[in-house]
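Novice: One structure, as structure tokens, below. Some questions next.
Each reported figure results from applying straightforward, stated rules to the coordinates on display, with no laboratory input. These figures come from a predicted structure and were not determined experimentally. Here the Cβ positions follow ideal geometry from the backbone for every residue, glycine too, while neighbour counts run over all protein chains shown.
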Amino acid sequence: MADNMIHIEFPDGSEKDFPVGATARDVAESISSGLARVAVAAQLNERMLDMDRPLEEGGKIRLLTFNDADGREVFHHSSAHLLAQAVTELFPDAKPTIGPPVDEGFYYDFDHPPFTPDDLEKIEGRMKELVKENLTIERVELTREEALELFADNPYKVEMIEAMDDDAQISAYRQGDFIDLCRGPHVARTGALKAVKVLKVAGAYWRGDVENAQLQRIYAITFPDKKLLKKHILMLEEARKRDHRRIGRELDLFSFQPEGPGMPFWHNNGMIIRERIINYWRKLHRRDGYEEISTPIILDESLWHRSGHYGHYKENMYFTAVDKRDFAMKPMNCPGGLLVYKSNKYSFRDLPVRMAELGLVHRHEMSGVLHGLFRVRCFTQDDAHIYCTEEQLTEEVIGVVRLVFEMYRTFGFEDVMVELSTRPAKRIGAEEVWDRAEDALRRALATEGIDYQLNPGDGAFYGPKIDFHIKDCMNRSWQCGTVQVDFSMPSEERFNATYDGSDGNRHQVVMVHRAILGSLERFMGILIEHFAGKMPLWLSPRQVRIIPVSEAFESYASEVNRKLVEADLLSELDLRNETMGKKIREAQLDRVNYQVVVGGREEEEGTVSVRTRGNRQLGSLNVDDFLAMCRKEIDERAITGE
């Protein structure tokens, strides 16, 4: 290849040469003019680039659009700058701090007195004007001194610049008269951010620390098409109706208290759902040969240095000291699981060893991103670690994949997207080890005939992974399950986890990390919203409510209730001095699966009159027949829309 050409490889395996100085947009244009119009950024090897930035080297390229997760992140981060520009033009005293993309759009924090609803309306209007102006967005490279001078009037930006390494590359992005510190990449022009909606404002603290200045956090979302925005707003309205935080209060499932910010307090009804999920989880794991273990929440800080978590995750960890000894609260279960494995001696005949743990972990999250059960600071991971030989690796991954799909189907999630994430830039372990680990995951997916999306560079720091994304009834995607291959943590340099081989020598095990539900708390939040609080009978904390038509039939109602309770149904009596109509309406609002009405006829015939929470009349049933119907529904873990 000539010195004035660079060699580009595409995800489909095709290759092409381009002149030195070509941009990612030129590469996109060579495929189609339509792609060049909609691409928002590119990933060359492991580096993210603006579409109009000259390519400095050849390699593997991904052209990202709004339909890609990484592309949406670029789109929304560009939109955060649009928001900051609008705010600073309308409110010149406002000091912009940080504005990252989040799951539902983006936000930007400002040092400014509280914004009013009228202010938000003006900000949205100005953002729309800036979109119409179609300003060019250009990257500016800065020296440390230039950056400090440029942002001298903003103490937050100065603090960020001073925290950077002396040799760090500093960049900013300019659009019109507005410039903001940012590593990029960004869309090329503000006109790409066609559909804009400012959502809300909330309080936040600089760096998430209550000791720091309180800021105003404005949330917003953007789309490249107004139809997509309209569809999203309708989805938000439906999501508000299904908000698990509201339903959690209505059904008395859980609460959050100021004494434990970001840490859920489970109430009795929530514990019932939680325990039903756990019992099902345990049943399948015992069937599949898993042992169940439990490891301490607080462990010596040195353990986290050895595992690599300290170097890669310490900003999300909690630390403490006991008896002049430094400890950390576990953000993950794997190092403790390794210590359990190492407490015994295994031979090749004992492998694979599968150890499962419902482990309570703590992770520090910024206060502004906490969101009900979806983003908390302590949660239970349905973790497991499999210790096996390299020859057993693919078969063990296949077993996990099958278990994942089985569990998701039971909860009513049939639409599962699978994603293979490969080695990140910041990682531990030799390249040839990463090759073997990635190949094992690919073989497992190929054996099962599973289609998957490739997510280059997004693996864990210790190994590649397969992630599983489920879709709820509102077509929202949730990443829950994961299976990760790890050659590094069991290595001699770290935990030296071994087994006796058939040759009489000690060999290093391969470690498979996996979770299926992920965070039990988050999964319960997903379930609550997916079912709008109308849990299937096998999960419901309020299965049956018995309503006598008058005081004269309370004795028979009590007899029926006793029989149902003895059969392990969650049945309750409503003996309040209210009308029967009101009791039935309230039972439906409480999402009770079945309302059972009893009166003179029912007492005489030994029956019950049954209606569903969807107000469907099942008519008169023998008590034993009703009981058998409920038991069948529970035993089959039926998913009903009632």
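Novice: Within a 10 angstrom radius of the beta carbon, how do Lys583, Lys132, Lys194 rank from fewest other beta carbons to most?
Specialist: Ranked by crowding around the Cβ, least crowded first: Lys132, Lys194, Lys583.
Novice: Using the Karplus equation 6.51 cos²θ - 1.76 cosθ + 1.60 (θ = phi - 60°), what ³J(HN,Hα) coupling, rounded to whole Hz, does each residue of the range 357-365 give in order, writing x for Gly and Pro?
Specialist: Those phi angles translate into 8, 8, x, 7, 10, 10, 9, 7, 10 Hz.
Novice: A follow-up question, please. Can you check what the net charge comes to around Ala94, using other residues whose Cβ is under 11 Å from the Cβ of Ala94 (Lys, Arg +1; Asp, Glu -1)?
Specialist: Once all neighbours under 11 Å are counted, the net charge is -4.
Novice: What percent does the relative contact order of the range 489-547 come to when contacts are Cα pairs within less than 8 Å and at least six residues apart?
Specialist: 17 percent.
Novice: Would you please name the trypsin sites (Lys or Arg not before Pro) within the range 344-375 that are DSSP coil residues with at most 11 other C-beta atoms within 10 Å of their C-beta?
Specialist: Counting only loop positions with at most 11 other Cβ atoms within 10 Å, the trypsin sites (Lys or Arg not before Pro) in the range 344-375 are Lys345.
Novice: May I pose another question? Please give the contour-minus-distance gain from Glu586 to Asp3: 0.36 nm per residue of separation, less the Cα-Cα distance, rounded to one decimal in nm.
Specialist: Difference between extended and current length: 202.1 nm.
Novice: Report the paramagnetic label zone for Arg240: residues of the range 95-120 whose backbone N is under 15 Å from a point 7 Å from Cα along the Cα-to-Cβ axis.
Specialist: 117
Novice: Could you pull out every residue, at least 5 positions away or on a different chain, whose amide H is within less than 5 Å of the one on Ile6? Hs are placed 1.01 Å off N in the peptide plane, and Pro or chain starts have none.
Specialist: So Ile6 has HN proximity to Phe18, Val20.
Novice: Taking +1 at the Cβ of each Lys and Arg and -1 at the Cβ of each Asp and Glu, which of Gly399, Ala446, Tyr318 sits farthest along the dipole of the range 272-530 towards its positive end, judged by Cα position relative to the Cα centre?
Specialist: With unit charges placed on the Cβ atoms, the residue in question is Tyr318.
Novice: Which cross-chain or sequence-distant (5 or more) residues have an amide H under 5 Å from the amide H of Leu135, H modelled 1.01 Å from N in plane?
Specialist: So Leu135 has HN proximity to Thr190, Gly191.
Novice: Using the Karplus equation 6.51 cos²θ - 1.76 cosθ + 1.60 (θ = phi - 60°), what ³J(HN,Hα) coupling, rounded to whole Hz, does each residue of the range 196-212 give in order, writing x for Gly and Pro?
Specialist: My calculation for the range 196-212 gives 10, 8, 7, 9, 6, 10, 9, x, 8, 10, 4, 6, x, 10, 5, 6, 8 Hz in order.
Novice: Now a separate question. Along Cα→Cβ, 7 Å out, is where each label goes; now give me the distance between the ones at Val38 and Asp500 in nm to one decimal.
Specialist: Using points 7 Å along Cα→Cβ, the separation is 6.1 nm.
Novice: Take peptides 367-374, 539-546, 118-125, 235-242 and line them up by average Cβ neighbours within 10 Å, highest first, as a rough protection proxy.
Specialist: Highest-to-lowest ranking by the protection proxy: 539-546, 367-374, 118-125, 235-242.
Novice: Got the relative contact order for the chain handy, in percent, Cα pairs under 8 Å and 6 or more residues apart?
Specialist: Once normalised by length, the contact order is 9 percent.
Novice: Applying the Karplus parametrisation 6.51 cos²θ - 1.76 cosθ + 1.60 with θ = phi - 60° to the phi angles of the range 223-228, what ³J(HN,Hα) value in whole Hz is obtained for each residue in order, glycine and proline being reported as x?
Specialist: Listing the rounded values in order: 9, x, 8, 5, 5, 5 Hz.
Novice: Would you work out the relative contact order for the range 544-635, in percent, from Cα pairs under 8 angstrom that are 6 or more residues apart?
Specialist: Taking the mean separation of contacting Cα pairs over the length of the range 544-635, I get 28 percent.
Novice: A follow-up question, please. If each residue's Cβ is checked for other Cβ atoms within 10 Å, how do Met407, Met164 rank with the fewest at the top?
Specialist: Ranking Met407, Met164 by Cβ neighbours within 10 Å, fewest first, gives Met164, Met407.
Novice: Here is a follow-up. Roughly speaking, what is the centre-to-centre gap between the range 96-112 and the range 267-311 when only Cα atoms are used, to the nearest Å?
Specialist: 34 Å
Novice: Let me ask you something else. Under a point spin-label approximation (7 Å from Cα along Cα-to-Cβ), what is the Glu250-Ser14 distance to one decimal in nm?
Specialist: So the two model labels end up 5.2 nm from each other.
Novice: Okay, moving on. Compute, for the chain, the length of the dipole vector about the Cα centre, with Cβ point charges of +1 (Lys, Arg) and -1 (Asp, Glu) only. Units Debye, rounded to 20.
Specialist: Roughly 1740 debye, rounded to the nearest 20.
Novice: While we're looking at this one, here's another question. Taking semi-axes √(5λ) of the Cα gyration tensor in Å straight from the coordinates, which label in [x] 49, 28, 23; [y] 50, 29, 27; [z] 47, 35, 24 is the correct one?
Specialist: [z]
Novice: Determine the dipole magnitude for the range 544-635: charges of +1 sit on the beta-carbon of Lys and Arg, -1 on that of Asp and Glu, nothing else is charged, the reference point is the Cα centre, and the result goes in debye to the nearest 20. Let's see the in-between values first.
Specialist: On the way: 14 positive and 18 negative charges, 104 e Å.
Magnitude of the dipole: close to 500 debye.
Novice: Skipping prolines and chain starts, which residues have an amide H placed within reach, meaning under 5 Å, of the one on Ala213, given they are 5 or more residues away or on another chain?
Specialist: Amide H to amide H, under 5 Å and 5 or more residues apart or across chains, Ala213 pairs with Trp206.
Novice: Full extension from Glu566 to Ile298: what is 0.36 nm times the residue separation minus their Cα-Cα distance, to one decimal in nm?
Specialist: Gain on extension, Glu566 to Ile298, equals 92.4 nm.
Novice: Which one, Asn134, Thr88, Val201, is farthest towards the positive end of the dipole of the range 72-228 when Lys and Arg carry +1 and Asp and Glu -1 on their Cβ?
Specialist: It is Asn134, whose Cα lies furthest towards the positive end.
Novice: Between the range 118-140 and the range 22-90, what's the alpha-carbon centroid distance in Å?
Specialist: Here the answer is 19 Å between Cα centres.
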